[in-house]
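> Once you've had a glance at the structure underneath, I'll fire off some questions.
The values are calculated or read from the model by the stated rules, or taken from the named source; none is laboratory data. Everything numeric in this text was worked out from a predicted model, so none of it was measured. When we count neighbours, we look across all protein chains shown, and the Cβ atoms used for this are built from the backbone with ideal geometry, even at glycine.
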Amino acid sequence: MSRSKKKFPAGVWCGCKSQKKGKRVASKRFRRYTKILIAQAKYDLLPKRSIEITSPWDLGGDGKRFYGYHPECEWYVRIIRK
């Protein structure tokens, strides 16, 4: 893991410690929507991922931030590491 890096330079600026509650709601919404579509036999409308129903940017956290691409800066190197 010493070489692993984030692919997209964005993250929670400040806020909650966990997005667990939001992820639970998103999963529940995904399962419910899928069950309804299966019951109605609308298989072509089934979502493949929960992102199609709930945006990950709407989960917990007090503001997301795009850091931009600054590979020469020291703070960027710290943030982009996993």
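> Inspect all residues belonging to segment 3-15 and state whether any of them is at pLDDT 90 or above and in a loop (DSSP other than H, G, I, E, B). Steps first, please.
We begin by selecting, within segment 3-15, every residue at pLDDT 90 or above; these are none.
So far as segment 3-15 goes, no, none of its residues is at pLDDT 90 or above and in a loop (DSSP other than H, G, I, E, B).
> OK, next. Quick check: is even one residue across segment 33-44 assigned to a strand (DSSP E or B) and surrounded by 10 or more Cβ atoms within 10 Å (Cβ to Cβ)?
Taking segment 33-44 and keeping what is assigned to a strand (DSSP E or B), we get none.
No, segment 33-44 contains no residue that is assigned to a strand (DSSP E or B) and surrounded by 10 or more Cβ atoms within 10 Å (Cβ to Cβ).
> For residue 55, are the conditions met, namely being of a type in the set (Gly, Ala, Ser) and without any contact (Cβ under 8 Å) to a residue 24 or more places away in the chain?
Taking the combined requirement at face value, the residue satisfies it.
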